[in-house]
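Report on the structure given below.
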Amino acid sequence: QVQLVESGGGLVQPGGSLRLSCAASGVSFRNYDMGWYRQAPGKQRELVASITGGGSTNYADSVKGRFTISRDNAKNTVYLQMNSLKPEDTAVYYCNARRLPPSLRMYWGQGTQVTVSS
């Protein structure tokens, strides 16, 4: 079955960088759009960045210019490079896979904690 496993989270100072990875198994990877969501305490889960099987990307306004999403289809892995981190980036980050239309079925990883603090 489909499994998504995130890694790379941790504690970082403001202005620092982290790279998150999401390894997918049981997936025809090119048939899925991939995304990173995050959920901060007391807030709704929000889409941070997404990338289609063909490589088209989209970013939340709050992270545009600081974060970069990419994918390696040969490795069934999606990445989120996070630069110039701010305290408001603190959240649990979740990997998401969305099947191409018409299904649009979604799968989720367990999440990885990112904390930006001095």
Estimated dipole of the range 1-103 in Debye, rounded to 20 [Cβ of Lys and Arg +1, of Asp and Glu -1, Cα centre]:
120 debye
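Taking 0.36 nm per intervening residue step and subtracting the Cα-Cα distance, what contour gain separates Asn31 from Arg99 on full extension? Mind dumping the intermediate values first?
Numbers: separation 68, 0.36 × 68 = 24.48 nm, distance 0.61 nm.
Working it through step by step, the gained length comes to 23.9 nm.
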Between Val5 and Arg19, what is the spin-label point distance in nm, taking each point 7 Å from the Cα along the Cα→C-beta axis?
1.9 nm
What per residue convex hull volume, in Å³, comes out for the range 1-72 when only alpha-carbon positions are used?
117 Å³
Once the dipole of the chain is set up from charges on Cβ (+1 Lys and Arg, -1 Asp and Glu), the residue from the list Gly53, Val78, Gly16 lying farthest towards its positive end is Gly53
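Expected output is a single nm value to one decimal: the length gained when fully extending between Gln39 and Ala74, i.e. 0.36 nm times separation in residues minus the C-alpha distance. What is it?
Contour length minus Cα-Cα distance gives 9.7 nm.
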Surrounding charge for Gly53, neighbours by C-beta under 9 angstrom, Lys/Arg +1, Asp/Glu -1, total +1
With a Förster radius of 25 Å, plug the Cβ-Cβ distance of Ser84 and Gln110 into 1/(1 + (r/R0)^6) and report the FRET value to the nearest 0.05.
0.40
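Coordinate-derived values only; no laboratory data. None of the values given here were measured: they were computed from a predicted structure. Note: ideal-geometry Cβ built from the backbone for every residue, glycine included; neighbour counts use all protein chains shown.
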